[in-house]
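The values are calculated or read from the model by the stated rules, or taken from the named source; none is laboratory data. All values reported here derive from a predicted model rather than from experimental measurement. Quick reminder, even Gly has a Cβ in these numbers, built from the backbone with ideal geometry, and neighbours come from all protein chains shown. Heavy atoms of the whole protein, side chains included, go into the accessibility calculation; ligands, DNA and RNA do not. Shrake-Rupley method; radii C 1.70, N 1.55, O 1.52, S 1.80 Å.
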Amino acid sequence: MSERIFGGILLIVSIAGIWIARGFEAPFSYEPVGPRAFPMLILALLGISAIALMLERKSDTAWASPAVLKRIGLLFLVVLAYAWLFDKLGFILATVLMVIPAARFFGANWTQAAAGGVGLGAGLFILFDRLLDVALPTGLWLGNILG
Amino acid sequence: MDGTFSLLMQGFAVAGTPENLMIALIGCFLGTVVGLLPGLGPINGVAILLPIAFAMKLPPESALILLCAVYAGCEYGGRISAILLNVPGDAGAVMTTMDGYPMAKKGLAGPALSMSAVASFCGALVATTGIVLFAPILAEWAIAFGPAEYFVLMVLALCCLGGLVGDSLPKAAIACLVGLLLSTVGIDSNSGVYRYTFDALHLQDGIPFIVIVIGLFAVSEVMLMLQHAHSGVEPMAITGRLMFNMKEFMLAKWTMLRCSLAGFFIGVLPGAGATIASAMCYASERRMAGKDHDFGNGDIRGVAAPEAANNSSANGSLVPMLTLGVPGSGTTAVMIGALTLYNITPGPTLFQEQPVIVWGLIASLFIANVMLLALNIPLIRVFVKFLSIPTWLLVPGVAAISMVGVYAVHGNTFDLILGTVIGGIGYLLRVMNFPIAPFILGFVLGDMMEQNLRRALSISDGEVGVLFASPISIGLWVGALAMLIGPRLFRLIEQRRHAAAEAAGTAG
């Protein structure tokens, strides 16, 4: 069933993509193949493959149990929030805030999660920003402390 | 031949600088660790380290040495968890569990680990020698390729990978095509037309390669690990002798050599990677052993065969990447991405234009493998310690380092969020058993494919027949079709035969 739904979505995407690609026109061109031929070719093949997927009888998708799926969804939201706050709060604080709930999902107790969060946040910051010269955001709060 | 030798010596001069030796050593260590951690394979390791190497402003040859050392190290590391945990550390080590874990249960973990390290070394050495011998010849031959041949070659590469990976042809095709499609996002370089940017400023230059790779492999892995979270499996302890004895070596020596040679040639073929090579070699060695074997219950040849094969095929798969600029596997596709990040155009001219990089890389493979052998036998207990890192620390760590990798390239929030969303989609696709390697290959090859197609059609003034004009391109088309249909047809015939044999068995 999941394959059918996904195939249907892909079919809609490929039709919409071809629709959008109609508008790709070069104002002036020196070559016989313009900017829209390749995407249209790919999308046409994608549409055909999507139909083939929907017609396939076997399905080998094994979704996790609803309880696990819910936790995976929450974990995704945690990572998404981490991505959003990464630059705003700075690496250390954002990482602490991400690691604590993520570690809890994997069975750590609160002490372990908090220690892991602080350890990873500070440790990776020192490793990358200080030792390896990969600049990471400090966030305003740490910037103010460090001057 | 003389020329090759002096170029190789130049390569050793590049790889042998103290800095690059240090980088190779670090890469070997990290690679082994990444390889032995279940869930993390060469592709994650290379993908996460690439932007970090770039942000550290390593010169291109050093960055490639780092990535290749990590790649080589992963193939060594995968066997450790296969033998001690019965869980392959990376996909190429699946077959190593068959005899490795039974050996560990019998108290022979030491010999299994040391024999598989030597087999890995043998495979890598044979394959690296193969690269030295064959790659320059292939590169010279490929220079004659025109844009039409190039286009068809890339079709072949995609068909090979799509044909061999996974069970479902539509799924493999969709993975390739979505990858190709995403590569068209951004400003078209020939005409300046905006394609699928949806007025987003950050999409004008296309979706950054690193964002796609880290999202699909690393971020989705974080979620997959929660789904597959297995707990309570303790690694077997290494007791007794650490080294294999002479008798065991004599038993396995021809196995190692045969599998090394076979693995190299399987690796050179686009699409067929370490997983297929080790499975094929294991099966054929088992058949060749006749009646007098203990395969499946801890035969030493059962760890030597897949390890020799997966290392040599991993190295062999560097051949099409270096000589044709067309990667045949997910990991080498990421390495091509590394070249483009450094503004180096991959392709047959690489050998002439960038001899320092190419030969430095090849020489560093020799060096890295000697280092890996040296690291993996005496220090094996150190690596085993890494198996006891708890998942609750490992997984958030992977998430954080992945984000560092994405942030290192452009340093904006948009990329981070895009990477996470792609990771979420990647998780769904991986649960639905869509193969991810063809997707990456499509994304990496998309731009080159389109450019070559348009160039070919410009030369012929729009005449499509140019794609079928030369004998080389016709041969490549035939190959592509055969690779797409062949493996499935073969499997179908095999199934029929099994069914027929079973029917005959019940009747008799």
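A few remarks follow.
- Solvent exposure of the protein assembly as shown as accessible area per residue, Å², 1.4 Å probe: 41 Å²
- log10 of Debye I(q)/I(0), alpha-carbon scatterers only, for region B:291-367 at 0.19, 0.22 Å⁻¹: -0.80, -0.99
- Summed over both chains, the contact between B and A buries some 5400 Å² of accessible surface at a probe radius of 1.4 Å.
- Net +/- balance of residues flanking residue B:450 in space, Cβ distance below 15 Å, scoring K and R +1, D and E -1: +1
- What the Cα convex hull of chain A gives, in volume per residue, is 214 Å³.
- The protein assembly as shown - convex hull of alpha carbons, volume per residue in Å³: 177 Å³
- Across peptide B:433-445, the average count of Cβ atoms from other chains found within 10 Å of a residue's Cβ is 1.
- Quotient of Cα Rg and 2.2 N^0.38 Å for region B:300-440, N being how many residues it contains: 1.29
- Each 10 Å bin from zero up to the one holding the largest Cα-Cα distance in region A:66-146 carries the following percent of pairs: 19, 45, 28, 7, 1.
- Taking every alpha-carbon pair in region A:2-55 and binning the separations at 5 Å intervals from zero gives 4, 22, 24, 17, 13, 9, 6, 3, 2, 0 percent.
- For B:307, A:31, B:463, the ranking by accessible surface with the largest value first comes to B:463, A:31, B:307, using a 1.4 Å probe.
- In region B:404-432, the residues whose accessible area drops by at least 30 square angstrom when the other protein chains are added to the isolated chain are B:404, B:407, B:413, B:416, B:417, B:420, B:427, B:431, B:432; the probe is 1.4 Å and only protein heavy atoms count.
- Put simply, the amide H of residue B:197, placed in the peptide plane, has neighbours under 5 Å in B:186, leaving out anything fewer than 5 places away on its chain.
- Taking 4.7 Å between C-beta atoms as the pairing limit, chain B has these partnerless cysteines: B:28, B:68, B:74, B:122, B:159, B:160, B:176.
- Cross-link pairs beyond the 21 Å C-alpha cut-off, checked among A:58/B:171; A:70/B:385; B:57/B:385; B:247/B:385: A:70/B:385; B:57/B:385; B:247/B:385
- Averaged over the residues of peptide B:188-200, the number of Cβ atoms from other protein chains lying within 10 Å of each residue's Cβ is 4.
- Farthest towards the positive end of the charge dipole of region B:104-225, among the residues B:114, B:189, B:170, is the Cα of B:114, using unit charges on the Cβ of Lys, Arg, Asp and Glu.
- Of the residues B:308, B:425, B:359, the one whose Cα sits farthest toward the positive end of the charge dipole of chain B, with +1 on the Cβ of Lys and Arg and -1 on the Cβ of Asp and Glu, is B:308.
- Near residue B:329, the amide H atoms lying under 5 Å from its own belong to B:271; only residues 5 or more places off or on other chains count, and H is placed 1.01 Å from N.
- Legend: mean number of C-beta atoms from other chains within 10 angstrom of residue C-beta atoms, peptide B:29-37, equals 0.
- Projection of the Cα convex hull of chain B, averaged over all directions and equal to a quarter of that hull's surface, yields 25.7 nm².
- Evaluated over the Cα positions of region B:1-107, the convex hull gives a direction-averaged projected area, one quarter of its surface, of 8.4 nm².
- Sum of -39500 (n - 2.57) over DSSP H runs of 4+, divided by residues of the protein assembly as shown (222 nm, nearest 500): -24000 deg cm²/dmol
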